[in-house]
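Below you'll find the structure, written out as structure tokens, and then a few comments.
The values are calculated or read from the model by the stated rules, or taken from the named source; none is laboratory data. Remember, it's a predicted structure, so these values are computed and weren't measured experimentally. Cβ: placed from backbone, ideal geometry, glycine included. Neighbour counts: every protein chain shown. The protein model used for the area step is the full one, side chains on, heavy atoms only, and it has no ligands, DNA or RNA in it. Shrake-Rupley method; radii C 1.70, N 1.55, O 1.52, S 1.80 Å.
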Amino acid sequence: MSKANKTVYLDNAATTKMSGAVLKAVMPYITESYGNPSSIYEMGQRNRRAITKAREQVAAALNCPPAEIYFTASGTESNNWALHNSRRVITSEFEHHAILHAVKGDVTLLPVYDNGIVKVEDLEKALEENPDTDLVTVMAVNNEIATIQPIAEIGALIADWNKKNAEAGRGQCLFHTDAVQAIGNIPIDVQAMNIDLLSISAHKLHGMKGVGALYVRKGVNLPPFILGGGQERGFRAGTENVAGIVGFGVAIEEAVRDIEKKNAELIKKRERIYNDVMKIKRVRLNGDLEKRLCGSLNFSFEGIEGEALLLQLNMKDIAASSGSACTSGSLEPSHVLLALGLPHEIAHGSLRISMSRNTTDEEIDYFLEHLPPIVEKLREMSPVWED
Ligand SMILES: *Cc1c(COP(=O)(O)O)cnc(C)c1O
């Protein structure tokens with residue numbers, strides 16, 4: 001067996017393996033350098049400087065000044081914070097639950113159609129119908145089907161809309177994007193894309209779990225999220241996760257380096273998977289084929305339960321997902337696939353494959369060797385399957 005008895009890990013949208021450089025960078029901060037960054041002695045101040053450096057690294061990756069970056073404990077927390085002050089919100093039907101379950105006030109949901117992409121014209125119409133909207137939040141890349149949203153176009157539309165608001169003496173509308181799945185996979189530039197608020201998470205880009213960040217453009221009036229000490233300039237209190245933050249800086253620097261080169265490799269693997277899987281009968285790709293991450297695919301197999309498929313793959317030591325990790329274990333089909341208009345029984349039989357820069361051709365070979373017989377076996381066992 002060529003995969004050397006290692007798990008074939010095709011679930012990088014759920015979390016990623018910490019990179020060697022991140023591990024090396026964080027080690028001193030979880031061993032010898034344990035001082036509190038608010039303390040005045042050298043071990044504390046050294047840790048404060050390490051946080052400053054990480055803030056610069058994150059800011060450079062997003063193209064903003066370091067003062068616009070606030071560290072949090074997760075992508076979920078960043079999303080919750082971004083929504084904290086809003087009363088009238090426009091978002092999409094297939095956001096992560098960290099948006100959909102956290103959003104307050106009056107909410108308009110934009111449709112995502114069968115290709116899994118928001119239409120800018122729909123947003124324009126929704127703004128005109130709801131001129132008091134104070135926040136638009138649309139994810140940059142969907143976490144289940146990996147479709148890329150027109151973030152630059154949405155940013156430009158809202159910038160124009162705000163010019164009209166200013167002339168009419170109305171309040172401004174902020175633009176937030178959940179970019180947790182986007183950073184490191186597609187280029188993101190908060191200035192060029194007119195983004196006011198942006199959420200990211202370290203563990204989705206080969207950093208540690210339990211650390212995220214929120215970009216808050218200067219001039220945006222967002223209230224503090226957690227009250228206590230003066231950490232994060234009084235906006236997000238609590239002693240800093242120094243090691244996690246240091247690792248985040250290194251991870252994001254690595255992640256945004258050579259995106260094109262990494263994507264050129266990933267797209268070859270993706271095409272191989274796509275071509276092979278589509279040879280299986282009665283299978284469909286979920287989400288647009290072109291406007292998607294180079295390393296990710298989501299399929300539905302007629303006549304198959306996603307959970308059963310995952311268990312069979314697990315017996316072959318292949319780790320994949322049927323949607324977001326947060327919804328697995330529930331019997332409800334994914335809200336993302338239902339938003340695409342899929343019938344329940346097809347939404348149930350879905351498989352998400354998400355690669356990373358660590359994925360090898362041998363892993364793909366192994367997966368492609370084992371998937372078709374598993375699908376066939378499950379269909380044979382199904383009382384409802386008819387050829
Ligand atoms: C993983 C994920 C989150 C949550 O991030 P955590 O750091 O795990 O809380 C939010 N949004 C998207 C799109 C994600 O993929």
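What to note about this one:
- The residue list Thr360, Val211, His348 was ranked by how far each Cα lies along the charge dipole of the chain toward its positive end, using unit charges on Cβ atoms, and Val211 comes out on top.
- Listed residues Val120, Ser39, Tyr70: farthest to the positive end of the dipole of region 22-256 (Cβ charges): Ser39
- Averaging the sequence gap over all C-alpha pairs within less than 8 Å and six or more residues apart, then dividing by the number of residues, gives region 189-278 a relative contact order of 23 percent.
- Overall form of region 36-163 per C-alpha gyration tensor (a/c, 1.5; a/b vs b/c): prolate
- Extent along the principal axes, Cα only, for region 62-123: 38, 27, 18 Å, with the longest axis given first.
- For the peptides 203-213, 237-247, 65-75, the ranking by mean Cβ contacts within 10 Å, running from highest to lowest, is 203-213, 237-247, 65-75.
- Solvent-accessible surface (1.4 Å probe) assigned to Tyr9 amounts to roughly 70 Å².
- Under a model in which nothing but the beta-carbon of Lys, Arg (+1) and Asp, Glu (-1) is charged, the chain shows a dipole of about 1200 debye around its Cα centre.
- Per-residue ellipticity at 222 nm from helix content only, as computed over the chain with -39500 (n - 2.57) for each DSSP H run of at least four residues, stands at -11500 deg cm²/dmol.
- In this structure, Glu290 and Glu42 have a Cβ-Cβ separation that, at R0 = 41 Å, corresponds to a calculated FRET efficiency of about 0.15.
- The chain, accessible area per residue, ligands and nucleic acids excluded (1.4 Å, Å²): 44
- Among the lysines of region 22-256, pairs that are 8 or more positions apart or on different chains and have alpha carbons within less than 22 Å of each other number 13.
- Taken over the C-alpha atoms, the chain has Rg and Dmax values of 21.7, 73 angstrom.
- Principal axes of region 215-371: Cα extent on each, largest first, Å: 58, 36, 31
- The relative contact order of the chain comes to 23 percent, based on Cα pairs under 8 Å that sit 6 or more residues apart.
- GNM result for the chain, Cα springs below 10 Å: residue of Phe235, Phe248, Phe175 fluctuating most strongly: Phe235
- A Förster radius of 45 Å combined with the Cβ-Cβ distance from Lys316 to Glu167 puts the calculated FRET efficiency at roughly 0.15.
- Note on the chain: with a GNM built from Cα contacts shorter than 10 Å, the maximum mean-square fluctuation among Met43, Met18, Met193 falls on Met43.
- Between Thr31 and Met381, the contour length at 0.36 nm per residue exceeds the alpha carbon distance by 120.7 nm.
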